[in-house]
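J.: One structure coming up, written as structure tokens, with questions to follow.
Throughout, read-outs are computed from the coordinates displayed, never taken from laboratory work. Model, not experiment: these values are computed from the prediction. Please note: Cβ atoms are built from the backbone with ideal geometry, for glycine as well, and neighbour counts cover all protein chains shown.
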Amino acid sequence: MENSQLLTYLLFLPLAGSLLLLFIDKNREQLIRWTGLAVSLAAFILSLAVFMQFDGSKAGFQFIHNIVWISNLNVSYHIGVDGISILMVMLTTFLTPITLFSSWGSIKKKVKEFTFFMLLLEVGMLGVFVSLDLFLFYIFWEAMLIPMYFIIGIWGGEKRIYASVKFFIYTMFGSLLMLIAIIWLGIYAAKFTGSFTTNLLELYKIGPAVPQEVQQWMFLAFLLSFAIKVPLFPFHTWLPDAHVQAPTSGSVILAGVLLKMGTYGILRFCLPLFPQSAMKFAPFVSVLAVIGIIYGALVAMVQKDMKKLVAYSSVSHLGFVVLGIFALTTEAIQGSVIQMVNHGLSTGALFLLVGMIYDRTHTREIAKYGGIAKIVPLYSVALMIASLSSMGLPGLNGFVGEFLILLGSFKSPVLNSWGFTIFAASGVIFAAVYLLWMYQRVVFGEVKHENLLALKDLTKKEILVLVPIFIFIIWIGIYPGTFLKLSEKSTNTIIQQVSVPSFDIRPVAGK
Amino acid sequence: MQNHIQDIYNILPLILVGAGVFLSVVIEITSEKSDKVLPWFSVLVLLAASAYSLFSLNNTGTVYNNMLAYGGNVGIFNFLFTLAAALTVLSSMEYIKKYGSYFGEYYILILSSVLGMMMMAGAKDLFMVFIGLEQMSICFYVLAGINRKKSSANEASLKYFLLGSFATGFIVYGIALIFGTSHTTNIDTIITNFGMLTHNILFVAGMLLFLIGFSFKIAAFPFHMWVPDVYQGSATTVSGLMSTGGKAAAFSVLIIALGAVFPGSAANVFRPYFAAIATFSMLYGSIVAISQSNLKRMLAYSSIAHAGYMAIGLAAGNNESVAGIMFYLIAYTFMNLGAFGIIAMIEGENDSRLELDDYIGLSQRHPVLAALMALFMFSLSGLPPFAGFFGKYYVFISAIKADMTWLAILGVLSSVISVYFYIRVIVYMYFRDPEPAALPVHNNSKGVLAVIISALLVIGFGLFPGTLIDLITSYLR
């Protein structure tokens, strides 16, 4: 198997799987479930093969595959991975089989459609992370909305219609402005290279040369689209709705991977394409990030619904990631990248756990629980691990990321103020407050309702779902080097691109 | 003599369709089973013309004293008109019988209107434009009211006729002024002297009248008043053809009339006009469509918005925009035909089952229809990887290249608004729980076939837009 093909196989395997599903009778639910799981596991194994062959000691993209797609517009099917995207790819292929497996108990209607959309979603997410052509990226970015829209809308909670429509329109608004910026950039590139292009590697050289007064608008167009996806305060309002209404598996994918597309986009596109504007707006965006950290945490604290609490905690946690990115130091961006993975794991686990208990009691209200420690000890332990990981306890994954981000932002020459770090750090404390407080109210104390006594502990299947996540939570917590090493070179490349933008291009004569 | 025979070969698609019209009349008069023969005969004629147009694209030139062009982009338009009409006929077969509007004239009129469209697309002379336009429009006036027992159809027909004649009046006055000032009706000559002619206020007035008349035909704001009522009142399949073939034909004239294809022609003097039309059509169409609960009306307003997106290309007026508009028209034709095709299948008698509420739970009862409808809605809202997205993409590129980024941004905003009503259809089909009463959709394999062909084209042009856009641009000089 040739190197460059591997990524393409990975990308289209879930697509092939989803098409295969169309030929299976919708009543053979067991077969459908197994097919979905098998396909997504195969994708995971394939991504492991990529991971094994990936050389972390090299900067730049590997497994590059480039073929012309729309010759007239100079658009190519151009994909590849670097140290940052490979982590995102792994996160996606890792979480997809887990969510599919975990949905076996909770998704009972339209199993075929559900599996179909989940696999399509995986294609979209992988595509976003491996695209090296802005146009291709945009296609995946937008196409991904369709399956997610259906997942929230069909299998969601009571207000699913409102939530799904809001999610759709909100995200589409942001991305369409990005489309204009992409076109503008492509046309601007024509002045230098002679032809319209959306090739990311070429645009890396052209973006910095765009006059500042125009560049900042393009930067903002890109940023808006990513900020909505992240979601950065104050563009976060779609998220609690979508999260709460989505089915468990939808929430896991939404928090685990989809939100990362926003932060990934900032790292991959906003910073290197428009470095001067990124520097200029860094303090401004960081202020929003810090507001998000504190605001998300405070709102999470007063939630009565467990799922909402986890949803708002995402706003807070993603604030850290954005802060880290715009601190523009190696530590901070490294921290952000690892925190993107961490958040996927911890929040994914939390959503799964909330979903598991919801399936048993059909309520997510914290007040309806209490004292379940003795009734369901395994569940309580699992919830503790996930909560501690989410709040960043040393020894677990969250700590590594948050520590690096705080350290990096403290040293950041771009932000150049302790304020960011101090305020952000308070978010860590708040996180401990709301998570521990939730944990205490749910698990400890007296049993509030008699029906809780009949609660069943985690099944083998559920343990099977959670254990792989916990392995990584602990692995990253104890030995983050495995993952940090991967992204180090790519991080340095990005920082270099931002701090020393290269202008070594000249207009083509006569253009 | 040899030359004339060659000319006939060159414009064979028109001849085929024209002969088809006459033969249809003969069949209708003589055959007892004309209701079975006629539709298939029409499909055959249309597909033959369609195939011929497609395979003779490289054979370009003009015939009859430079009156009519063939091949190249004209051929692509002819291909589009005939294929769209063929799909419409397929969708119509069950529909018009079921809802009491079966008359043999139906197919004859469709063929005849297609002939008009082809004359418009190929026109090299203002008279040719006019004859083609009237040929198409008169057929449409009749088609709109073909179900004469239905009051809404009568209203549609009359409204379309009165307002359409009014627009024709504008066009005729325009042509008169253009002829008076330029002393010719030959489009090429006018375009060559365009820069000089624009100094003459009467010429500009003539052009404006001409453009206003065509703005009516493409259903652009503020000349859109007829659209919702006519689309709603006409037979659904007819609305489908009017909104796609009719619109494409009118745009084909606007593209020619602009002379945008020809390098060295004067800068786009009518840019402000088209920019205004584009802006208001997009925003008005999208905003008003939100409040519609009748699907046909919703698509009618959305068709106003789509005319607006395409008018962005007219305002930009560069090579990209011509390719963009053509791509957009092709994409729009198939997604809209598909959507109208599905509506026709679900529609009940006397304009029933056209409301959004009637689509509740469609995904449960008719999963394939629902999935296809969802596909068309996503494509209409401009979501990749469907053809509708690329239409918008190309038009936006042309606007940005022409330094009209603001127009592209307005287009984007209007797209976001339009997403709301398109995905609302999906909400009804998929997210609402089905009502107990089953939705009777009669067995309509031909209609399903037409819709599936449209869907395949929408997906195909979405995944491989390059092939089509390369084809279009290869004929732009």
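J.: So for A:ASP82, A:ASP25, fewest C-beta neighbours within 10 Å to most, what's the order?
T.: Least to most surrounded, the residues fall as A:ASP25, A:ASP82.
J.: Shielding of A:175-187 by partners, i.e. mean partner chain Cβ atoms within 10 Å per residue?
T.: Taking the mean over all residues of the peptide, I get 5.
J.: Using all Cα-Cα distances in the stretch B:271-346, what percent lands in each 10 angstrom bin from 0 up to the longest?
T.: Per 10 Å bin, starting at 0, the Cα pair percentages come out as 21, 43, 29, 7, 0.
J.: Give me the log10 of I(q) over I(0) for the protein assembly as shown at q = 0.04, 0.07, 0.08 Å⁻¹, as the Debye formula computes it from C-alpha points; what are the numbers?
T.: -0.21, -0.63, -0.80
J.: Same structure, new question: Per-residue mean of other chain beta-carbon atoms within 10 angstrom of the beta-carbon, peptide B:402-408?
T.: Whole-number average of other-chain Cβ neighbours for B:402-408 is 2.
J.: Could you work out the relative contact order of chain B, using alpha carbon pairs under 8 angstrom and six or more residues apart, expressed as a whole percent?
T.: Relative contact order comes out at 15 percent.
J.: Compute, for chain B, the length of the dipole vector about the Cα centre, with Cβ point charges of +1 (Lys, Arg) and -1 (Asp, Glu) only. Units Debye, rounded to 20.
T.: In total the dipole reaches around 200 debye.
J.: Percentage of Cα-Cα pair distances in the stretch A:259-396 greater than 26 Å, rounded to whole percent?
T.: 31 percent
J.: Follow-up. Output the pairs from A:LYS108/A:LYS166; A:LYS112/A:LYS460; A:LYS229/B:LYS401; A:LYS166/A:LYS229; A:LYS108/A:LYS461; A:LYS411/A:LYS485 with a Cα-Cα distance over 18 Å in this structure; if there are none, say none.
T.: Result: A:LYS108/A:LYS166; A:LYS112/A:LYS460; A:LYS229/B:LYS401; A:LYS411/A:LYS485 exceed 18 Å.
J.: If you take the square roots of the eigenvalues of the alpha-carbon gyration tensor of the stretch B:46-154 and sort them as a ≥ b ≥ c, do you get rounded (a/c under 1.5), prolate (a/b over b/c) or oblate?
T.: Since a/c reaches 1.5 but b/c is at least a/b, the shape of the stretch B:46-154 is classed as oblate.
J.: Here's something else I'd like to know. Just from its helices, what would the mean residue ellipticity at 222 nm be for the protein assembly as shown, if runs of 4 or more DSSP H residues each count -39500 (n - 2.57) and the sum is divided by every residue, rounded to the nearest 500 deg cm²/dmol?
T.: The helix contribution divided over the protein assembly as shown gives -24500 deg cm²/dmol.
J.: Let me ask you something else. P(r) for the stretch A:1-120, please, calculated from all Cα pair distances in 10 Å bins and given in %.
T.: P(r) over the stretch A:1-120, rounded to whole percents: 13, 38, 28, 17, 3.
J.: Two-decimal Rg/Rh of chain A from alpha-carbon positions, Kirkwood Rh?
T.: Radius of gyration over Kirkwood radius for chain A works out to 0.96.
J.: What is the mean number of Cβ atoms from other protein chains located within 10 Å of the Cβ atom of each residue in peptide A:72-82, rounded to a whole number?
T.: Mean number of neighbouring Cβ atoms from other chains: 2.
J.: Could you please rank A:GLU402, A:GLU331, B:GLU155, placing first whichever residue has the fewest other Cβ atoms within 10 Å of its Cβ?
T.: B:GLU155, A:GLU331, A:GLU402
J.: I'd like the distance between the alpha-carbon centres of the stretch A:79-146 and the stretch B:365-414, rounded to an integer number of Å.
T.: Measuring centre to centre over Cα atoms gives 23 Å.
J.: Quick one: order B:MET373, A:MET384 by neighbouring beta-carbon count within 10 Å, fewest to most.
T.: In order of increasing Cβ crowding within 10 Å: A:MET384, B:MET373.
J.: Follow-up. Between the stretch A:176-211 and the stretch B:171-248, what is the C-alpha centre distance in whole Å?
T.: The two parts, judged by their Cα centres, are 37 Å apart.
J.: How big is the stretch A:160-265 by Rg and Dmax over its Cα atoms, in Å?
T.: 16.3, 49
J.: Structure shown: which of A:LYS109/A:LYS368; A:LYS191/A:LYS280; A:LYS159/B:LYS97; A:LYS307/B:LYS296; A:LYS26/B:LYS446 lie over 32 Å apart, alpha-carbon to alpha-carbon?
T.: A:LYS159/B:LYS97; A:LYS307/B:LYS296
J.: Also, I was wondering about something else. Could you give me the radius of gyration and the Dmax of the stretch A:97-203, taking only the C-alpha atoms into account and expressing both in angstrom?
T.: Radius of gyration, then largest Cα-Cα span, for the stretch A:97-203: 17.5, 57 Å.
J.: Bin all alpha-carbon pair distances of the stretch A:348-455 at 10 Å intervals from 0 and give each bin's fraction as a whole percent.
T.: 14, 39, 24, 15, 8, 1
J.: Ok, one more. Count the net charge of all other residues whose Cβ sits under 14 Å from the Cβ of B:ILE108, scoring Lys and Arg as +1 and Asp and Glu as -1.
T.: That works out to -3.
J.: May I pose another question? Sorted from largest down, give the three principal axis spans of the alpha carbons of the stretch A:41-83, whole angstrom values.
T.: The Cα atoms of the stretch A:41-83 stretch 37, 28, 10 Å along their principal axes.
J.: In whole Å, what are the extents of chain B along the principal axes defined by its C-alpha atoms, from largest to smallest?
T.: For chain B, the Cα extents along the three principal axes come out at 69, 57, 41 Å.
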